[in-house]
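What follows is one structure encoded as structure tokens, with my remarks underneath.
The values are calculated or read from the model by the stated rules, or taken from the named source; none is laboratory data. Given the structure is predicted, the values throughout are model-derived calculations rather than measurements. Cβ placement follows ideal geometry from the backbone for every residue including glycine, while neighbour counts extend to all protein chains displayed. Side chains included, ligands, DNA and RNA excluded: accessible areas come from the protein's heavy atoms. Shrake-Rupley method; radii C 1.70, N 1.55, O 1.52, S 1.80 Å.
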Amino acid sequence: MVREQGSEVIYLDHAATSWPKPPQVIEAMQQALIHDSANPGRGSHAMAVRASRILFNTRKKLARLFHIGNPNDISFALNTTGALNQAIKGFVKPGDHVIATSVEHNSVRRPLEYLKRTAGVQVSYVETDAAGRLDPKRVEAEITSSTTLIVMNHSSNLLGSILPVAEVGEIARRHGVKLLVDAAQSAGVVDIDVGLLGIDMLAFPGHKGLLGPQGTGGLYIHPELELEPFIHGGTGSQSEAIEQPKVRPDRYESGTQNTPGLAGLQAGVEYVLHEKVENIHTKEWTLTQHLMEKLKPVSGLQLLGPELGQPRTGIVAFVVDGLDSSEMGFILDQHYNIAVRTGYHCTPLAHIQAGTQGTGAVRASVGCFTTMDEVEAFAEAVKEIVRGNR
């Protein structure tokens, strides 16, 4: 079933970035570039006002999606990594104790290790099981008098497991500890209510489940929480002041914002709101379950993450005995025109939990536009490659 060169790609790398984008996302970006490309917040002329309105309306849509009371509690960032760095470095003080999990992305681990090295911050990584499932009691057991922050993935970008944010949020509230959630794999595909889940800070990408363009993302900051800005500079407000303004979102948004990108993000969020998060999640879960059913009988192939029938996001990762993950990815790309992610996925901690730190893994991830035919074609391609390797 090797596909001919030039045939349409089967894209199964949505955990890295979603593709294709809805047509209305592309249209919104084009219209912003043509009609509204002035600098938002940097002028009172009509085009600048329209650009500012794009930013505010995007915040409003995001606030509706995440059940946030005040849209100005959302600050835009280039990506989840930027949002996480603002949250972690803007909140954690020298001598603090931070709790994270053993399935964190390097976007969490590296800032924490930097603060550990430079500011005497203590960091505890609570282990999950091999499938990436977290016992909240193990988080509570790590809390000390110095603990100020818990940082956790909502869903592992390797294992697809969905972590118990609500339970950990309740533990954090009881102990007076703040909760930061990395929603890189859950925003737009798992329902998020920051109030119900006890989330104090939520870092999210615009270019994955929210279907916007790359270079967009954001950070929700609880209204009672103040962070030190990670970046200082011009905000278009209080320009005569020496210090960074206190008003939100300006305090955390120095420099010119990505107006066309945020116009696209607004359209992506509108699409998600229209389709409904629960429907998108159900579709992606159905696709992953079908893929796992097809791959499970393959001799020498080990599926990672929660078992069949268990909650997960649209990620299916696996290893094959005697076959390097990068080689598998290369064959899928060159001979089958199928795009997947291989290697270590910027999450070595999760690979340690899964026992794949020496091999890496192949990761297929579906999106809201993935079809059952594409999943079938991928499963057949994997079977052919494995048979040819015997």
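Here are some notes:
- Distant-in-sequence amide H partners of A100 (H built 1.01 Å from N, under 5 Å): S124, Y125, V126, V151
- The chain - charge dipole about Cα centre, Lys and Arg +1 at Cβ, Asp and Glu -1, debye rounded to 20: 560 debye
- When you filter the trypsin sites (Lys or Arg not before Pro) in the stretch 174-277 for DSSP loop state and at most 14 other Cβ atoms inside 10 Å of their Cβ, you are left with K246, K276.
- Under the convention that each Lys and Arg Cβ holds +1 and each Asp and Glu Cβ holds -1, the size of the dipole of the stretch 56-121 around its Cα centre is about 180 debye.
- Residues in the stretch 74-90 carry Karplus couplings, in order, of 9, 10, 7, 9, 5, 5, 5, 4, x, 5, 5, 5, 4, 5, 6, 6, x Hz; the curve used is 6.51 cos²θ - 1.76 cosθ + 1.60 with θ = phi - 60°, and Gly or Pro positions show x.
- Close amide H pairs (under 5 Å, H built 1.01 Å from N) link K21 with no residue at least 5 positions away or on another chain.
- Computed accessible area, W285, all protein chains, 1.4 angstrom probe, square angstrom: 80 Å²
- Surface accessible to a 1.4 Å probe, Y220 within the full protein complex, Å²: 10 Å²
- Estimated at 0.36 nm per residue, the fully extended path between E113 and E170 surpasses their Cα-Cα distance by 17.9 nm.
- Oblate is the label for the stretch 1-159, because the ratio a/c of its alpha-carbon gyration tensor axes (a ≥ b ≥ c) is 1.5 or higher and a/b is not greater than b/c.
- By accessible area with a 1.4 Å probe, ligands and nucleic acids excluded, highest first: order of R64, R53, R133: R64, R53, R133
- Projecting the Cα atoms of V190, T313, G255 onto the dipole axis of the stretch 185-315, where Lys and Arg carry +1 and Asp and Glu carry -1 at the beta carbon, places T313 farthest toward the positive end.
- Each peptide among 222-229, 326-333 gets the average number of other Cβ atoms lying within 10 Å of its residues, and from highest to lowest they stand as 326-333, 222-229.
- Positive minus negative residues near R53 (Lys, Arg vs Asp, Glu; Cβ under 13 Å): +3
- Solvent-accessible area of H35 with every protein chain in place, 1.4 Å probe, in Å² to the nearest 10: 90 Å²
- The length gained by stretching the chain between T144 and H335 to full extension, at 0.36 nm per residue less their Cα-Cα distance, is 63.4 nm.
- Charging the Cβ of each Asp and Glu at -1 and of each Lys and Arg at +1, and nothing else, the dipole of the stretch 237-292 about its Cα centre rounds to 100 debye.
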